[in-house]
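Undergrad: Pasting in a structure now, in structure tokens, and then I'll have a few things to ask.
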Amino acid sequence: MEVEEMEDEGPPPIEELQLDCLESPAPVENVFVDKKAVDKLTEGLLSHYLPDLQNSKRALQELTQNQVILLDTLDQEVTKFRDCNALLDLNSLFTEAKVYHNKLVNIRKEMIMLHEKTTKLKKRALKLQQQKQNEALEKEQQREKELEREKRLVAKPAKRS
């Protein structure tokens, strides 16, 4: 099967492409394509993907730049550690760090426990407040019922006929 794409005013097809069909063992097909169409398709493809590729390139350049900075910083830190190792007794530093780490762990546990207690107290206070409001509402309703009952029980003068 031959497919020809030509513009009405354009020159005859210049390029000939042969496409292999991967899905079926059909014979090779000849496709004639106009150069203007190829140029337009190429331009469209480039205009579609080029901005994203340029953004990716910029991002990669920025990442590479940041990586170089990080590597320099890391190199400086390594140098500092080597200097410290030569000057100080690391065993005492690690022992001290372990002591402070344990203190921090204990402080953290205390803070978590205090947070849980305050949360429970807040819930309890809210519950008590709601309970007091309900009791006050019930007392008010009971008082109104009593007043209504007293009004009904108050002797009404009988009408004489």
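The values are calculated or read from the model by the stated rules, or taken from the named source; none is laboratory data. From a predicted model like this one, the values you see are computed outputs, not experimental measurements. With ideal geometry, Cβ positions are generated from the backbone for all residues, glycine too; neighbour counts draw on all protein chains shown. Accessible surface is based on the protein model in full, side chains and every heavy atom, while ligands, DNA and RNA are left aside. Shrake-Rupley method; radii C 1.70, N 1.55, O 1.52, S 1.80 Å.
Undergrad: Give me a count of the residues in region 70-90 that are loosely packed, with under 10 Cβ neighbours inside 10 Å and of a type in the set (A, V, I, L, M, F, W, C).
TA: Matching residues across region 70-90 total 2.
Undergrad: Out of region 1-40, which residues are modelled with pLDDT of 90 or more and open to solvent by 70 Å² or more (accessible area, probe 1.4 Å)?
TA: Once the filter is applied, which keeps residues that are modelled with pLDDT of 90 or more and open to solvent by 70 Å² or more (accessible area, probe 1.4 Å), region 1-40 yields Lys35, Lys36, Asp39, Lys40.
Undergrad: Next question, about the same structure. Which is open to solvent by 100 Å² or more (accessible area, probe 1.4 Å), of a type in the set (A, V, I, L, M, F, W, C), part of a helix (DSSP H, G or I) and modelled with pLDDT under 95, of Leu93, Leu53, Leu104?
TA: The unique qualifying residue is Leu53.
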